[in-house]
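The structure under discussion appears below in the form of C-alpha cells.
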Amino acid sequence: LLCAAALLSAAPLRLAENGKTTYKIVVPAKATAVDKFAAKELQYFLKQITGADFAIVDSAKSPAIFIGDAAGKKLADQGNVIETRGKDLYLYGGGLHGTLWAVYELIENQFGCMFFNAHGELFIPKQKTLTLKEMKKRTVYSFPARSIMTWFYTDKRTMSLSLYRNRQNILLHGINHPRYPEKTPGIVTRFETFVGEHSFSMLIPSGLKKQSSWISHNAALPFLRNKQ
C-alpha cells in the first residue's frame, strides 16, 4: 500500500486529452498587467498545443494552473519556478517579469515550443495528450538585462512580442515604453530603469578616451556612469 501511494503521488499531471481539459488558469483579479499577460500567453499556447480551451478565472478549485504565488516574493528579480503540488501547477517568479518567464520556460523547455526569431516564426508541437511530470524547477538568469539589436525590424509589435517570448527585456523599441502602455498591453521593458547603449567604452582606461572621438562621445553619456 505504501508503494502504491508513492507511485500515485508521483503521477504526472494530465493537463489535456483529446481536445478537452479539466484545468483552469487562475490569475488574481488584482494581478499586474504582466501577470495577466502571462495568463493569456499560457492560454494561447495550450490551445495551440492541445486544442483545449483553458479558461482564465480569478479563483478555482483543484485541478488548476496558478499564475503567481506568494513564494515568488522570496525570489530574486526574474528568478522563476515551475512547481507541481498534487494535481495543481504553480508558475511564479520574482520581480516584474518573473512569473511571465516561468510561463515561457514551461512552454518552451517542457512543452517543446520554439520561438525562432523576431519575425514571429514559431514551432508548436501538437499533443493529443499533454502531461507534465512532477517537478519543482527553478531558473535564474546570468544577465539582468538582455537584448539584441532591434532597429532593423519594421513590424515592431511582432518583434517586441517575439523577443519577449525569448526572455529579452530591454531595447524593445519604444512601442512598449511605459509612456505608451496601450500599444502593447502587458509588455513592459526595463527601459525606465536601464538604457542599453554603446557602453563598452566604460571598460577602457580613462587615459585612452581622448584618443577617439567615438570613445569620448559615448563615455560622456551620463547614464553610462552607473557601472552597475
Condition test on T99, is it open to solvent by less than 10 Å² (accessible area, probe 1.4 Å), in contact (Cβ under 8 Å) with a residue 60 or more places away in the chain and not hydrophobic (A, V, I, L, M, F, W, C)? yes
What pairs can you find where one residue is in segment 120-136 and loosely packed, with under 10 Cβ neighbours inside 10 Å, the other is of a type in the set (K, R), and their Cβ atoms are less than 8 Å apart, with a gap of 6+ or different chains? none
Please state which of the following conditions G186 fails to meet, knowing it meets all the rest: (1) at pLDDT below 60; (2) closer than 30 Å to T22 by Cβ; (3) in a helix (DSSP H, G or I). (3)
Does any residue of segment 77-91 turn out to be part of a loop (DSSP other than H, G, I, E, B), of a type in the set (D, E) and either open to solvent by less than 30 Å² (accessible area, probe 1.4 Å) or in contact with a strand residue (DSSP E or B) (Cβ under 7 Å, 6 or more places away or on another chain) (or both)? no
Tell me which residues, restricted to segment 13-41, are buried (at least 18 other Cβ atoms within 10 Å of the Cβ), among the hydrophobic types (A, V, I, L, M, F, W, C) and part of a helix (DSSP H, G or I). V34, F37, A38, A39
Identify all residues within segment 100-120 that are in a loop (DSSP other than H, G, I, E, B), touching a strand residue (DSSP E or B) at 6+ places or on another chain (Cβ under 9 Å) and farther than 16 Å from Y44 by Cβ; write none if there are none. F116
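Taking the options I56, I65, name whichever one is buried (at least 18 other Cβ atoms within 10 Å of the Cβ) and modelled with pLDDT of 95 or more. Can you show your working first?
Numbers: I56 fails: buried (at least 18 other Cβ atoms within 10 Å of the Cβ).
Checking each option against the conditions leaves just I65.
The values are calculated or read from the model by the stated rules, or taken from the named source; none is laboratory data. What you see is a predicted model, and the numbers here were worked out from it, not measured in a lab. Note that we place each Cβ from the backbone using ideal geometry, even for glycine, and neighbour counts take in every protein chain shown. Ligands, DNA and RNA are excluded from the accessible area calculation, which covers all protein heavy atoms including side chains. Shrake-Rupley method; radii C 1.70, N 1.55, O 1.52, S 1.80 Å.
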